[in-house]
Amino acid sequence: MNKTYGKDISRSITKDWKRFLSIVIITALGVAMLTGLYASCKDMYYSADRFYDKQNLFDIRILSTLGLTQEDVEALSKLNGIDLVEGAYSEAVHTQVEGGRKSVTLSVLSNRGLNNPYVLEGALPSNVKEIAVTEKYLIESGKSIGDTVTIAEDMDTDTSTEDKDKEDKEEPNFVNTTYTITGKVLDPMDIQSDGMASVIRSSEQSDYTFFVTEAAASFDIYTAVYLTLTNTQELNSYSGEYEEAVQQVIDYIEMHIKKEREAARYSAVLAEARTKLDDAKKEMDEEFQKADQEFADAWEEITEGKQKLLDGENTLNQEEKDAAKQFADARAELEEAKKKLLASEKQLKEGEAKLNEGEAELKAREKELEAGRQQFEAEKTQAMEQLNIAQKQLDQTQEQLDTEGAELED
């Protein structure tokens, strides 16, 4: 049976050797591709694990809505199997890129090398005026190492109360707003969304991540606490053994530390709030006392003002009466003056009439005088003519007498 089956297979292969060869090649290619994909995935996992170990990436991250304190760090550092515990601070700020507002996660560098950014170019910041940025920011903003970047914190800018105490005003958490770019880095906690590749990202993530030194920030509360475990660098970060080791520590923290530290933090926040409330209440009482005194003083001023108002009203009434009397007297004088004015106007009109009559009579007299003068001139002219005639006659008579006298003498 087996011999017959073997002969049949041999004849099938010999007869259709091309088909058989094709199937062998296709199968070999499929096996090679699957083997390559599997090996590539393994290599990527190993590469990522080595990268995480080199950058000293955290094993456990602890967050809290009320923030974390140094007491939380000290409590976590007492656990068995913990290699490193460090509190970290980061804040959401914003910057301007090509006229648009972009969100930035501004993180403080660890002074113990935890979650150390991978330097692609340049160097990490070394003082409060320096900053490291991601490649995405440099590409989108067009800036380079050596340029400056300006950040702005989202702070309460309410200035409606001018006399508000300075301690009640929100202070910035970073000492500078303008920094010099010293390096291009890769955030080891966000290697997928840090570049320019198309990656599905949460809407809550910021556009960029910047890094500054611890001296550039001023904070009392940590935004997160990072832990690294002992003997985990030898484990693959994607292995079940690593996840089991991390989960054991997480379970222990949740069972033995979480509730205690949450209660302590809640009590501390509540005590701080009560202290602020007591201070505010004390201040409020002082303000109320001050307001009561001011109200009493104001009421006294109002009473005095009311009395002054009454006195002023009495004085005003008396002055109104005096003014009314003076107004009546003035009106009577005005009426009398009006009567005199009317009489004077009547006399003036009569005088104007007499003046007009006198002017007419004067004009008539002037005409008579002009006529008499003209008659006088005419009579004068006539008399002069007669006198000239008589003078001529007299001269003739004298000549005649002189002639006759001469003749008589002769």
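No value in this document is a laboratory result; all are computed from the given coordinates. Keep in mind that this is a model prediction, so the values were computed, not measured. All Cβ positions, glycine included, derive from the backbone under ideal geometry; neighbour counts span all protein chains shown.
A few points about this structure:
- Kyte-Doolittle mean at least 0.0 and Cα axial length at least 30 Å: DSSP H helices in the chain: 17-54
- Relative contact order %, the chain, counting alpha carbon pairs below 8 Å whose residues are six or more apart: 19
- Within the straight-line cut-off of under 30 Å between alpha carbons, the lysines reachable from LYS306 are LYS290, LYS321, LYS325, sequence neighbours fewer than 8 places apart in one chain being disregarded.
- Highest GNM mean-square fluctuation among ALA330, ALA48, ALA75, for the chain modelled with Cα contacts below 10 Å: ALA330.
- For the range 33-151: rounded, prolate or oblate by the Cα gyration tensor [a/c cutoff 1.5]: oblate
- Considering only ILE23, ILE145, ILE257, the mean-square fluctuation computed in a Gaussian network model of the chain, springs between alpha carbons under 10 angstrom, is largest for ILE23.
- The DSSP beta bridges internal to the chain are antiparallel in roughly 75% of cases.
- Highest-first packing order for the peptide set 341-349, 103-111 is 103-111, 341-349, based on the mean count of other beta carbon atoms within 10 Å.
- A simple packing score, the average count of other Cβ atoms within 10 Å per residue, orders the peptides 80-87, 244-251 as 80-87, 244-251, with the highest score first.
- Comparing LEU227, LEU68, LEU21 in a Gaussian network model of the chain where C-alpha atoms under 10 Å apart are linked, the largest mean-square fluctuation is found at LEU21.
- Kirkwood estimate for the chain, i.e. one over the average of 1/r between Cα atoms, Å: 35.0
- Peptides 208-220, 312-324 ranked from most to least packed by the mean count of surrounding Cβ atoms within 10 Å: 208-220, 312-324.
- About the Cα centre, charge dipole magnitude for the chain (Lys/Arg +1, Asp/Glu -1 at Cβ), debye: 5460
- 15 Å beta-carbon shell around ASP43, net charge (K/R +1, D/E -1): +1
- Under 22 Å from the Cα of LYS363 - lysines, other chains or at least 8 residues apart: LYS349, LYS354
- Volume of the Cα convex hull of the range 2-47, divided per residue and given in Å³: 67
- Unsatisfied cross-links (Cα-Cα over 19 Å) in the set LYS102/LYS136; LYS129/LYS184; LYS42/LYS136: LYS42/LYS136
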